[in-house]
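Just below is one structure, and these are the notes that go with it.
Nothing in this text is a laboratory measurement; each read-out follows from the coordinates by a stated rule. From a predicted model like this one, the values you see are computed outputs, not experimental measurements. So basically every Cβ, Gly included, is an ideal-geometry build from the backbone, and we count neighbours across all protein chains shown.
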Amino acid sequence: MSFIELKHIGKKYANSDKNAVTDFNLEINEKEFIAFVGPSGCGKSTTLRMIAGFEEITEGELYIDGVKMNEVAPRDRGISMVFQNYALYPHMTVEKNISYGLKNMKVPKDVIKKKVDWVIDILGLEEYRYRKPKNLSGGQRQRVALGRAIVKDQKVFLMDEPLSNLDAKLRVSMRNEISKLHRSLGSTTIYVTHDQVEAMTMADRIVIMKDGVIQQISKPMDLYEHPQNKFVAGFIGSPQMNFYDVTVNGEEMTFADGSKMTLPKATAEKLSEHKGELILGIRGEDIKFDSQNIDVYKQNSQQAVIENTEIMGNENNLYFQFGGALTVARVSKYEVCQIGDRVEFVFMPHKMHFFDRETEQAI
Amino acid sequence: MLTKRKRISNWILVAVLIVLSLFFLFPVIWMLANSFKTDAQITADMNSAAAFIPPALTGSFLDNYISILTNTSFLRYMLNTLFYAAVLIVLGVIVNGLAGYALAKIKFPFRERWLLIIMLLMIVPMETIITIHFLFVAKLGLLNTVIGYILPMIVNPFNIFLFRQVFISLPDDIYEAAQLDYCSPVKYFFTMVLPMSKSVVATVSVFTFLNVWNDYLWPSLVFTSSDLLTAQIGLNAITSNENTTMGQTLAVITLITIPVIIIYSFFSKQIVEGVVSTGSKEG
């Protein structure tokens, strides 16, 4: 049996006609790390806050460890939470911030001391033990917030965009620390983020949301390789997947600008039921410029003029017009191109994704 | 580096401020200097610069003060007032603070209307409702009691508004974090909200103290027993007594001014911060 169950969860605010969250169904296993990801306003934080008990659940049922939690107060749900703005108590020292919950739980003093010492030790906060939050950096504050969450030994950790206020470098190291903590504590974690990299690198499974509706629940690589719709395909991956309006007729695929490609038999057969107007999606790294691939897929080779390049250090992004859309290809740092260069390229046929143009669902 | 012109204008500004300060300080200096003198000395010095200079430190230097503090009940009145102020500060912070917190953070029907009513009450002068207070206290049989004096003074619309303005900016996620830390709403108010709003607590405490210390009308209506009188009433009683000398009168006035000066000099920063943070001022 799953540890956390969300059954047909919905949220409707009194002053709104639209649901903020609609028919949210999810089963989370014990010790699992789940990430809710999506653009601003997609309902991911609202769902997390419903699990925490800070937002009323207007539809559906929430179970934690087999107990229905809809009407249970936040403090009695067995959860800890790390907030986006840390929510540290500004007038208390690091030590008091961490121990405050335990004191309220009437934990014996010697146990509190032992636990606080352990948390301060594993988070490297000894130096800052008697400092107040205003005298700490963003990363240190975040660690205190984490410490406050883990010290209570709760079964579920909820994290609401905990790294969004940190700079890029610190975010990477904190990402690492949170993953390590999750592994060592073995707690069930729900992590909300708008950053797909955080979700991809930390989560066992990712829930992608848009307009309050779950778009896909999958393991990170499944999500990347097998997106269930155009939104997921576009949201996951950087640079974004390239999309083209195409017309498929048998094995022949025609782009909006008249360019043509021949599809492999298997793909053509799969698409035969959806004959007609489709959306083709292909990731930047699946557009190849090397002679070996061009030789193999020679019948589909295309040409374009480079409009812009982005040197990323470890790789380059090449921008050019093709198929009636701006296309971005990701190439290795050794494949150097100049703006204005005419280049030859091929799409890797087995890496193409097709979506219904009306429903935008994957085919 | 300041330019020469800027330096000169700064000096002019400082000079003007010094002159203005002296202008406002003259009566205070005069009062202080003459509070140590006998009536004969005051009259003799009246038309000279000596009126602003205290007498020599002789054995009779503090006679006026000693006489006021030993021969009258003024010390008692001062202690009474300090006690009333302390009680009203504690009760005022709790009651007005809770009301301000409710108006800032708790959703209930007609919340904005309530706020409007409280803001409207701020423009009603105390003198217009004092009769109602008096009748209320009289009906309860609390005239000439400490409770009767304190009860109508606890709630203060201005202080509620002041608290509300500060509490509204407190982040909600701290309350949520405290909830998960097993903190009850009442405990949250006392252990989180008030310590996080020290400057407004200080401002309200100072305003309450000054209100109590300077109030004449309400205690003069409630109290008849001399044991319960406040400093302002004591001041009036002493100064209107024909046996009181001019020097003693000035000594009483000096004594009654000292706490106010101390409060202003210690808490001026908090008073300014508190008033600025609410974007309003009293009166």
Calc'd 3J(HN,Hα), the range B:133-142, phi into Karplus 6.51 cos²θ - 1.76 cosθ + 1.60 (θ = phi - 60°), Hz, glycine/Pro = x, comes to 4, 4, 4, 4, 5, 5, 4, 7, x, 9
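With +1 on each Lys and Arg Cβ and -1 on each Asp and Glu Cβ, and nothing else charged, work out how big the dipole of the range A:242-356 is about its Cα centre, in Debye to the nearest 20.
Details: 11 positive and 18 negative charges, 36 e Å.
Dipole magnitude for the range A:242-356 comes out near 180 debye.
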If you place +1 on the Cβ of every Lys and Arg and -1 on the Cβ of every Asp and Glu, how big does the dipole about the Cα centre of the range B:72-278 come out, in debye to the nearest 20?
-> 240 debye
Can you give me the relative contact order of chain A as a percent, contacts being Cα pairs under 8 Å and 6 or more apart?
-> 15 percent
In whole angstrom, the spacing between the Cα centers of the range A:206-271 and the range A:55-121 equals 42 Å
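Once the Cβ-Cβ distance between residue B:123 and residue B:49 is put in as r, and R0 is 51 Å, what FRET efficiency do you end up with, to the nearest 0.05?
Working: r = 46 Å, r/R0 = 0.90.
Once rounded, the FRET efficiency stands at 0.65.
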Just going by the charge dipole of the protein assembly as shown, with Lys and Arg at +1 and Asp and Glu at -1 on Cβ, which of B:47, B:146, A:20 is farthest out on the positive end?
-> B:47
Over the range B:170-271, how many percent of alpha carbon pairs lie in each 5 Å bin up to the one with the longest distance?
-> 2, 11, 15, 13, 12, 11, 10, 8, 6, 6, 3, 2, 1, 0
The simple spin-label model distance between residue A:298 and residue A:13, using points 7 Å out along Cα→Cβ, in nm, is 6.1 nm
Would you mind estimating how fast the range B:72-278 diffuses translationally, via Stokes-Einstein at 25 °C and 0.890 mPa s with the Kirkwood radius over Cα pairs, in µm²/s?
-> 131 µm²/s
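For the range B:1-61, what relative contact order do you get, as a whole percent, if you take Cα pairs closer than 8 Å and at least 6 residues apart?
Values: 25 pairs, mean separation 18.4, N = 61.
Across the range B:1-61, relative contact order equals 30 percent.
How long are the three semi-axes of the equivalent ellipsoid for the range A:178-231, computed from the Cα gyration tensor as the root of 5 times each eigenvalue, in whole Å, largest first?
Working: eigenvalues 98, 29, 17 Å².
The three semi-axes for the range A:178-231 are 22, 12, 9 Å.
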Most mobile of B:129, B:18, B:89 in a GNM of chain B (Cα contacts under 10 Å) | B:18
Helix B:246-278: angle to the longest alpha-carbon principal axis of chain B, degrees 0 to 90, nearest 10?
-> 30 degrees
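Work out the count of Lys pairs in the range A:19-167 where the Cα-Cα distance is under 12 Å, with the pair 8 or more places apart or on different chains.
Details: A:31/A:155; A:96/A:113; A:96/A:132; A:103/A:113; A:103/A:115; A:103/A:152; A:106/A:152; A:115/A:152.
The result is 8.
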Hey, could you pull the Cα Rg and Dmax for the protein assembly as shown, both in Å?
-> 37.2, 123
Out of residues 5 or more away from residue A:210 or on other chains, whose amide H comes under 5 Å of its own, with H placed 1.01 Å from N in the peptide plane?
-> A:215
With unit charges on the beta carbon (Lys/Arg positive, Asp/Glu negative), name the residue among A:119, A:189, A:163 whose Cα is farthest towards the positive pole of the charge dipole of the range A:4-235.
-> A:119
Roughly how big is the range A:4-235's charge dipole about its Cα centre, with Cβ charges of +1 (Lys, Arg) and -1 (Asp, Glu), in debye to the nearest 20?
-> 960 debye
Of A:336, A:104, A:308, which is farthest along the charge dipole of chain A in the positive direction, counting Lys and Arg as +1 and Asp and Glu as -1 at C-beta?
-> A:104
Kirkwood Rh, Cα atoms: Rg over Rh of chain A | 1.06
Count the DSSP beta bridges whose two residues both fall in the protein assembly as shown, then state the antiparallel fraction as a percent rounded to the nearest 5.
-> 75 percent
How much FRET efficiency would the formula 1/(1 + (r/R0)^6) give for residue A:134 and residue A:172, where r is the Cβ-Cβ distance and R0 is 25 Å, rounded to 0.05?
-> 0.50
Residue exposure sequence - A:129, A:77 - by fewest surrounding Cβ within 10 Å | A:129, A:77
Can you give the FRET efficiency for residue B:30 and residue B:110, using 1/(1 + (r/R0)^6), R0 = 51 Å, r = Cβ-Cβ distance, to the nearest 0.05?
-> 0.40
For the range B:22-118, which trypsin sites (Lys or Arg not before Pro) are both in a DSSP coil and crowded by at most 13 other Cβ atoms within 10 Å?
-> B:107
Please give the helix B:4-34 orientation as an angle from the longest Cα principal axis of chain B, in degrees from 0 to 90, rounded to the nearest 10.
-> 70 degrees
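Whats the longest run of chain B with zero chymotrypsin sites (Phe, Trp or Tyr not before Pro) that are DSSP loop and have at most 14 other Cβ atoms within 10 Å?
Details: sites that count: B:61, B:110, B:216.
It works out to B:111-215.
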Convex hull volume of the Cα atoms in the range B:4-67, per residue, in Å³?
-> 107 Å³
Loop chymotrypsin sites (Phe, Trp or Tyr not before Pro), the range A:254-363 (other Cβ atoms within 10 Å of the site Cβ: 11 or fewer; DSSP) = A:334
Structure-based [θ]222 nm, chain B - -39500 (n - 2.57) summed over DSSP H runs of at least 4, per residue, nearest 500 = -23000 deg cm²/dmol
Roughly how many Å is it from the Cα centre of the range A:137-183 to that of the range A:288-363, as a whole number?
-> 38 Å
Which of B:145, B:128, B:257 fluctuates most in a GNM of chain B (C-alpha springs under 10 Å)? That residue is B:128
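For chain B, what's the relative contact order in percent, using C-alpha pairs closer than 8 Å and at least 6 residues apart? Before the final figure, lay out each step's value.
Details: 253 pairs, mean separation 83.7, N = 283.
Here the relative contact order equals 30 percent.
Report for the range A:4-235 the percent antiparallel among DSSP-assigned beta bridges with both residues inside it, nearest 5. Present the calculation step by step, with values, prior to reporting the outcome.
On the way: 18 of 36 bridges.
Beta bridges within the range A:4-235, antiparallel portion: roughly 50 percent.
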For chain A, modelled as a GNM with alpha-carbon contacts under 10 angstrom, which of A:75, A:131, A:283 fluctuates the most?
-> A:75
For the range B:71-149 and the range A:15-31, write down the distance between their C-alpha centroids in whole Å.
-> 48 Å
